[in-house]
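Colleague: The structure follows.
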Amino acid sequence: MKVVRDTRKVQTAVFDDRDSDAGASLPVDPWSAERFRDLYEGRTFWCGHLLRGCGQQLSIKIYDDRVAHFAHRPGPRMTSSRACELHDRGIASADHLHIHNGLAGVVQQRSGMPRQRFDGIFNDYSCSELVIRDRHAIIQVQLEPMLSGTWTACDRRLREENERVSWLFGPRASHTAEHVAGLHGYALLVRCDQRQDRRVVQLGTLTADSRVGWSDLYECRITENGIITPEMEAWQASLPEKTQESWPVDFLTAVARPLEPVARPLGGLGIPAGTCGVPVEVIPRQGGDVLQARILVPDRLTFTVGEDHEIVGVSRVKRVDRSERPWDVFADGLRPLGTMSAVPIASAEVERQVNAEQKRARSAAHPAPKRSVPRQVITQGEIWKARDEMYGVLDMIKRAREAEDVAQVVELLHRARPVLKTLAGHDRWDRAQLERAERWVGEKRKHEARQQQEAAKAEESARVGAEYALIREVYRLEEWKVRQQLEQQKEEERRARAEELERARATRRAEEQAWRKEEDEIRRLKLRYAWPSPRAAVLPSQLRDFLQAVAARGETVTWVSVALSVNGAAWLTGDDWVSVLAAMDQDRNRPLLAALITMLDGRMDPGFADVLARHGRPRPDSPSELQIVWQDELKRLYTTYGV
């Protein structure tokens, strides 16, 4: 079943806490997502800070017709996922956390060191690089591309600060990986692969001919020589060592010209720990083309760039798949031509001896002026005293490092420099300890600088957020004011319409009252001055007898019964009936017989009100009062004519 991509949601989170470095990647299909939810039942998920998220808690949403995702929970500071700036985090957005956890776990199993906290640098909303430390070595994971010159400078700096450096390149740093493969014959890649409900870290080996082989992290090894993958072992096995007969030149007699002044630390498969290398030009003594190679020596030595040297103690030569310098020559050292010492220059003592001979040769060629002040002679006692002082300084440096006191370590390093001059020639171990302390200070300062940078970014983000909040508040107030003005304007219009309607109704009521008053006056005058027609002159006596008989029986009668019972009554009009009824009840002391005439349903006839007006009685103001007057007249009739 095809699932629909929803770009408003996120696929990644962290476990248990907003500051956690344990990444969680939710599968997109509903079946794998349900297994993921069951596997981590009871654990919470957060929009973590190491994902550059908002730090709020998340919930798992699983659908049948769209991608499963994490959704933000509504809270006091958030009403929906739109409050988070990260609306689209794909399933690969937490790969830097998976890579860190995988490598840190392997390093912890190998070295027994405590598990390392995530140490990475972020660029906008993505991680650009992260570091895994293994005692005196590091694993540098580069996730963003770098220029070749930038990578070279960074690699040189890292190798000066650490004994061994292993580079891993992510999918977005493929161009940098190709550059490194062209230099060293291979480069190591890293990526994460989705396996049902989890992300699996894989390491790849990129060769100079652009071939890539991938292996899971558990299939690889981290040794004292660096990271070893199965593909690297197969690749190295395909590069047989060259015997002396198959060497391109006779390295035992050839001349080497160093291209750099210092041999730099190296690492990799088949390279012993502590090995350093320097690029050289190899010139055959028998003549021929200049060969580009790399001399590998067991110590970090210094050379004179462009000066001819003899290669001392060549042990083996290997052809490597590298375009620039395809030959690695393992030797004990390099010795400048003309030096009489037969001891290789691989040791510090021999290096000092050679330097002294070179210095004497230069002094003979260019004699220095005589000193007016005699050279200071350092006695053995002063050396022992300096040694004791150096031990004390190193001990204080150790305690200051344990206390994380960077300022005191810097002060002690300044204090140790004059002592180190006194121990010149006997200071190799002390210099190594001081260099380690200087590296520690550099790392601490770098960490502090990173923290200050992050704090500045956080402060800037807070400031920008506050400005945006203020702008939103101003917009909200302006919108509220406009809404209030519109509501007030509508309310005024409604009141004006209501007042106008009320005035129209009052005018209509006044006109209706005037019309009603005029009609009542006309009706009253008509009733007062009306005279019965000649046809109605003979009926009052007959109608009176008929109605008295009805009252005696205690009944009422309708107009139809009257018209059928009284001769000539059917020919009377409405006005004639009123005249006949008024003439019938001439005695004003008796009740009105007209009250006995009702409608077909037994209710009062409306003409009863006109009869009351014809007799000059006051007309009731309401129908209910008229009803009461009619009922009183019936009671009086039944009492007066009843048997």
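Read-outs: derived from the displayed coordinates by stated rules, not from any lab. It should be emphasised that the depicted structure is a prediction, and the values quoted were computed from it without experimental measurement. Cβ sites come from the backbone with ideal geometry, for glycine too, and all protein chains shown count toward neighbours.
Colleague: For segment 383-402 and segment 101-133, what is the separation of their C-alpha centers, rounded to whole Å?
Modeller: Cα centres, segment 383-402 to segment 101-133: 33 Å.
Colleague: Using mean Cβ contacts within 10 Å as the protection proxy, how do 458-465, 393-400, 329-336 order, highest first?
Modeller: Per-residue mean Cβ counts within 10 Å order the peptides as 329-336, 393-400, 458-465.
Colleague: A follow-up question, please. Please list, in chain and number order, the residues 5+ apart from Gly185 or on another chain whose amide H is under 5 Å from its amide H, with Hs placed from the backbone.
Modeller: Sorted by chain and number, the residues that satisfy this are Ser323.
Colleague: Sort 605-614, 148-157 by the packing proxy (mean of other Cβ within 10 Å over each peptide's residues), most packed first.
Modeller: Peptide ranking by packing, descending: 605-614, 148-157.
Colleague: Please work out the Cα center distance from segment 19-68 to segment 276-296, rounded to the nearest Å.
Modeller: A separation of 57 Å, based on Cα centres.
Colleague: On to the next question. Sort 544-550, 291-297 by packing, meaning the average of other beta carbons within 10 Å per residue, with the highest value first.
Modeller: Per-residue mean Cβ counts within 10 Å order the peptides as 291-297, 544-550.
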